[in-house]
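Every number here is computed from the coordinates shown, using simple stated rules; none is lab data. Values in this document were obtained by computation on a predicted structure and should not be read as measured data. Neighbour counts are summed over all protein chains in view; Cβ atoms, including those assigned to glycine, are modelled from backbone coordinates with ideal geometry.
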Amino acid sequence: MPRETTRQPPHLHLLEGGLDFEIRERDGDVRVVLSGSLDRGLLNRIISTLTPRLARRGRRIVLDGAHLAHVDYRAVADLVDWGHRLGVYGHGLWLDGWNAYLRAILVLGARSNAPAPVAAGPLAARHGTSVS
């Protein structure tokens, strides 16, 4: 059994022949490092993978987009909705490392959905920091 001070390697998820996301947990925070393109299918896989890990309330989920190349605007409504659902359980969904291009897709994607999701306003207002 490893000691508390022993470093554990990050948990990796390989999907469809490539690294789409990597999950790292530390001090109650969950960091999801994204790469490639974020679409609805990938977002749904991330949500289903993370849901069992969120039994404890008040966790901070960080989507790291530093290696993300593109976001499918059709996934934005699902992302905003997930952020809202997480907030109900005291969790927070945060974005880190998202460049101006990716943030623009988030803002435009939130505006293109009619009717706009409840949390689209905060997403548009805080397009670089938080989804919840």
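May I ask you to order 36-43, 97-104 by the average number of other C-beta atoms within 10 Å around their residues, highest value first?
The peptides rank, most packed first, as 36-43, 97-104.
For a Förster distance of 25 Å, can you work out the FRET efficiency between the beta-carbons of L108 and R26, rounded to the nearest 0.05?
0.15
May I ask you to list the trypsin sites (Lys or Arg not before Pro) in region 47-98 that are in a DSSP loop and have at most 14 other Cβ atoms within 10 Å of their Cβ?
Those satisfying the criteria are R56, R57.
For the pair R56 and A69, how long in nm is the line joining their label points, each one 7 Å along Cα→Cβ?
Placing both labels 7 Å beyond Cα along the Cβ direction yields 3.6 nm.
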